[in-house]
Every structure is written in structure tokens, then in C-alpha cells.
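Peer 1: Pasting in a structure now, in C-alpha cells, and then I'll have a few things to ask.
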Amino acid sequence: MSSNPPNLLRRFAFRISLWYGLIFAIGSAALLVLVYNLVALEFRGEDEQIIVAKLKEYAAVYQAGGAKALAAVASQENNPANEKSFYVNLISKRVSRQIIMPDEWHGFRWQDKVESRQYEINRVPQNAEKDYAFAEVKWPDGSKLLVGRSTSNRDLLWEPVRRTVIPIILAVALLGFVFGGFFAHRALLPVRQMVTTARDILRTGNLDARVPTRPERDELDEMVRLLNALLDKNQALIRAMRESMDNVAHDLRTPLTRLRASAELALRQPDPAVAREALADCVEESERVLSMLGTLMDIAEAEAGTMRLERRPFDLCRLIREVADLYQYVAEDKKIKVGTELPENCEAAVDPDRMRQAFGNLLDNAIKYTDEGGTVTISANRTNGQATVRFRDTGMGIPEAEQGRIWDRLYRGDKSRSQRGLGLGLSVVQAVVQAHHGTVTVTSKPGEGSEFAIVLPATEAGN
């Protein structure tokens, strides 16, 4: 393992915290700019409305009483020493008269301004803090009236924002990044635990390792539970594979040993008849091995979902009768009665050959483990869109501790080891039924017999 410190930029929690911090800072800055402009527009709009209103008022006075009346009213309302005083300038062809000149306006000359429309506010910078804001009205005779007032400029409004609001936003953004990183680190704890568990499994090969679970029920906790379930399933499959390989090696040892012994016998015997018999034994044992391998391949295909099925509507009662007739002679040899309880028709969408194989394995199993004089009954029915087939026998039964393992490949219970077989019959049944999207279950009591029930969908899945 590398001892170099981890690159922060490669950590998801750091990147997500950084992104959230940047988004928060950008959003805060945009909000600040928006608020500032709205406030500035509000202040400026209020000043401009006051100036325009006063301009209209003085224009009405001038038109009604002339320059003397305007000078009297303006002088009465304004004090040049007051910063809120209005600048009033009357300009005509005959005279240019500054009626009111506030102290702050001594550096202003109306000739410097750009000609504009009536009642339109014009601004000329006064200093770092204030502007000259004024508007004008013109009359047909060429005279005009200017009214203005000193107003705060944008920099003055922006200065307190820079001094207070911006540092606060930066501090909040930094705190958001720190706390965001903390919460992201906590939220991603299940992900880190999953990475640690996967790394431990790869390093040590210990399939028992699991990701710690939490009582929360969010998406990451659901992912943890699914990963643990996946690890459980993989461990079970690997364990089953190891057991199957052990059982295959054990069960193949006997026929292969016989095969080799028969072949050696054929090579040593000068008598052609004895050699021929030994070779026949070789063929029989090789068929047994090939049958076992073929069955294992079928089970593997079914479990992997790749078993080829030619499903079509078919009468299960017909299959049951065919299987019962096929095993009738075997049952008679053991003095076992095979009976059927079948309706006129029990149709389901199945692959007839595969389902005949499954029914045959169940009937063979029932006859094999039923004592002489016993009975085996096969029944079928179709209800609620499902077809059910039951195999009941009066045999030795299956201990409860073994009922969960009888479906394992090559598993043979203690009482069944005396019977000839591969230990694959029930595994094939389960694989074929599950490939048909059905289920197979067993109910059994030792000494009273067993009942195997197959439940199949009456129509093909998706139809």
C-alpha cells in the first residue's frame, strides 16, 4: 500500500464540499449584487422623483409669476448652506440667473452638461462621495430652467457593503465549506466502508467480511444492505461450488476407478470374452460419468438462466400418464402401487421434454425410497392461473434437518447412500422448474412419507 498522503482533489467529499462552497459563494455574490442594485435604484429613484417634482413646481411658478416669483419661492424654500438645498438656475436669451446656488454647487457650470430631454435626470461627478444630479425644462422662447440637488454616488453606497457584507459572506462561505465537508464526510461513511470491505476481501480472500450497517434507511444504507446481500449470495454460490466440486471429485472417483480397472482387466486378459465384458463395463461406467457431467451442465444452465426451453401449451396430465406408464414396471418389481388423480386436462406452457424429465426424476425418487407394498400418488389441478402437480409417497420420509439440503447438487442424505444414484435428481427438478418460472417444495415427516409440489404458471411469462 502506498504511504503517500491522499490527494484532496481526488476525494469525493472534498470535491463536493468545494463545489457546494463555490455555488454558495457565487449565489451569495449574485444576491448581493442584486440587492445592491435594487437599493441603489430605489435611492436614486427617490432622489430623481424629488428633483423632477421640484422642477415641475418651479416651472409652474415661473410661468405664472415670472423670474421674480420663482426667485422668491426658491429663496424661501432653500438655504444654500444646507446640503439638501436645491440648485435653481434660470437661463434665457436676455439673462442667465442662478437663483439658488448651494455651497456644494460652486464648482458646477451648466454649460458642461450634455443636452438632454425635458425632465430627464443628468449626473455629473462632484467628488468621491457625491454627484450633481439635475433636470431641465425648456420653453418655446428658448429659455430653460435647471433644478438640481447633490446626491450620493454608487461608490458611497457600495462602501459599507464592502466593509461589512462581503467579509460576512466570505466567512459564511468558508463555514459552509467546512461544515459541508464535515457532513459530506459523514454522509459518505457507508461508501468508504464499502471500499474498505471490498479491499479487505480482495487482499485477504475472506468472504465473511461485510459492510457495517446503520439504522438509517437512506439510499446509501440500502446500497450497503444490497451489497451485503450480494456478498452473502456470492459466498453461498462459492461454497456450493466448492462442495459440488468436492462431491463431483468424490463421486467420479468410483466410476473412474472402475473404468480404469475394467480397462486394465481387458488389457491383461487373453480371453476375448472376458476382455469384451470388461470393455462393456468400461462403456457403462463412462456413460455414468457422461450422464453426471451432462446433468451438472443442465443444472448450471438453468441456474444461469441460459437453459433452452421450447415452451408451448401442453397437457401436463398427458406427461404424467406417460411417466407413470414408463415407471410402471419398476414399481411392480417393488410391489408399489402408482396411482393418479388427474382432471381431463391440465394445460400449462412448458417444454414437454424438460418437464417430462422433472416428473420422471420425482417419480423415480418416490419409488426408490418407498418400501414394498407402499403407494405413490400423482395429482394435478389448475386454479387461479397456476398449474399444480403433487407427488405423494408413503416412503421413509426426509428428516427436517435435511429438507433444505436435498436440492443441493450431489447431496445424498444418510439414509439414501445405500441407494444407487448420482444425487442430482432433485437438483435437476428444481433447476427445470425454476427455468419455467415455477416453484417446487417438499413436505415430509420421517416414517410417514413425502409430498413434492410443483407450481407452474399456466401461461408463458410475459403473455
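The values are calculated or read from the model by the stated rules, or taken from the named source; none is laboratory data. Quick caveat, the model's predicted, so the values are computed rather than measured. Protein only, heavy atoms only, side chains kept; ligands, DNA and RNA dropped before computing areas. Shrake-Rupley method; radii C 1.70, N 1.55, O 1.52, S 1.80 Å.
Peer 1: When you have a sec, figure out the Kirkwood radius of region 262-408 from all distinct Cα pair distances and drop it here in Å to one decimal?
Peer 2: Mean inverse Cα-Cα distance, inverted, gives 18.3 Å.
Peer 1: Residue 134 accessible area, nearest 10 Å², 1.4 Å probe?
Peer 2: Looks like 0 Å² after rounding.
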